[in-house]
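Student: Got a structure for you, questions after.
The values are calculated or read from the model by the stated rules, or taken from the named source; none is laboratory data. Values in this document were obtained by computation on a predicted structure and should not be read as measured data. Reconstructed Cβ throughout: ideal geometry from the backbone, glycine too, with neighbour counts over all protein chains shown.
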Amino acid sequence: MTVRTILRYPDPRLSTPCAPVTRFDAELKALAEDLLDTMQAAPGVGITAAHIGVMQRVSVIRLSPEAPLLVHVNPEILSRSVDLQRFTEGSVSMPGMTDEVERPSAIRLRYRDLDGELYEDEADGFLATCIQHEIDQLDGIFWLKRLSRLKRDRLIRRFEKEGRA
């Protein structure tokens with residue numbers, strides 16, 4: 001479909017919670033296709049509608065070209081494991097900047113598909129991290145908020161110094 005313009009950090013919309021999707025129609029399917037095209041062009045493994053300035057609860061994840069495409073509409077985490085894991089995270093809205101983030105190693109989530117069908121699923125490992133990262137974004141929590149103040153400030157200064165902001 002279309003590669004959309006990605007918002008750049010520190011755009012205030014990246015800190016704004018998204019509204020639930022209420023209409024499951026052709027427009028929603030077109031948005032999901034645009035998100036996939038935009039994510040692949042970035043490149044990235046996950047993207048939300050918020051990253052392109054559409055403040056709706058939609059995320060797209062594909063961990064690799066061979067992996068299945070996951071589209072989550074109105075996702076919510078139902079439970080999290082007590083076990084934690086660390087993975088390197090970043091954002092299509094802050095290209096080139098990454099750091100390790102600690103999150104629960106497994107989750108149970110509820111979401112709708114593009115037709116409005118309700119699902120519950122479990123995820124662990126890197127997929128669990130990606131889903132949590134994208135749901136955070138839908139909740140208006142940019143990934144930097146998961147870092148210590150020192151790491152966050154260092155990363156922001158580097159991002160500004162490299163002229164990416």
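Student: Which one of these is surrounded by 14 or more Cβ atoms within 10 Å (Cβ to Cβ), of a type in the set (A, V, I, L, M), more than 24 Å from ASP37 (Cβ to Cβ) and at pLDDT 95 or above: LEU114, LEU155, LEU70?
Tutor: After applying the criteria, what remains is LEU155.
Student: State all residues of region 1-30 that are crowded, with 16+ Cβ neighbours inside 10 Å and in contact with a strand residue (DSSP E or B) (Cβ under 6 Å, 6 or more places away or on another chain); if no residue qualifies, say none.
Tutor: Correct list: CYS18, VAL21.
Student: Kindly evaluate THR5 against the criterion of being in a strand (DSSP E or B), modelled with pLDDT of 95 or more, within 30 Å of LYS161 (Cβ to Cβ) and among the hydroxyl-bearing types (Ser, Thr, Tyr).
Tutor: Considered against the rule, which asks whether it is in a strand (DSSP E or B), modelled with pLDDT of 95 or more, within 30 Å of LYS161 (Cβ to Cβ) and among the hydroxyl-bearing types (Ser, Thr, Tyr), THR5 comes out as no.
Student: Consider region 141-161. How many of its residues are assigned to a helix (DSSP H, G or I) and among the β-branched types (Val, Ile, Thr)?
Tutor: Of the residues in region 141-161, 1 are assigned to a helix (DSSP H, G or I) and among the β-branched types (Val, Ile, Thr).
Student: Taking the residues in region 110-140 that are touching a residue at least 60 places away in the same chain (Cβ under 8 Å) and either assigned to a loop (DSSP other than H, G, I, E, B) or β-branched (Val, Ile, Thr) (or both) as candidates, determine which candidate is nearest to GLU100 (Cα to Cα).
Tutor: ILE131
Student: Still on this structure, I have one more. Of the residues ILE52, ILE77, ILE47, ILE61, which single one is touching a Gly at 6+ places or on another chain (Cβ under 9 Å) and surrounded by 15 or more Cβ atoms within 10 Å (Cβ to Cβ)?
Tutor: Matching residue, one of ILE52, ILE77, ILE47, ILE61: ILE61.
Student: Starting from residues that are of a type in the set (Ser, Thr, Tyr) and outside any loop (DSSP other than H, G, I, E, B), keep the ones in region 8-42 and report whichever is nearest to LEU70 (Cα to Cα).
Tutor: Looking at residues that are of a type in the set (Ser, Thr, Tyr) and outside any loop (DSSP other than H, G, I, E, B), I get THR38.
Student: What number of residues in region 80-93 are of a type outside the set (Val, Ile, Thr), crowded, with 16+ Cβ neighbours inside 10 Å and not in a strand (DSSP E or B)?
Tutor: Number satisfying all stated conditions: 2.
Student: Still on this structure, I have one more. Could you look through region 44-61, keep only residues that are in a loop (DSSP other than H, G, I, E, B) and either of a type in the set (Gly, Ala, Ser) or modelled with pLDDT under 95 (or both), and pick out the one that is farthest from LEU7 (Cα to Cα)?
Tutor: GLY44
Student: Out of curiosity, is GLY96 modelled with pLDDT under 95 and outside any strand (DSSP E or B)?
Tutor: yes
Student: Okay, moving on. Residues being among the charged types (D, E, K, R) and without any contact (Cβ under 8 Å) to a residue 24 or more places away in the chain: count how many of those fall in region 4-31.
Tutor: 3
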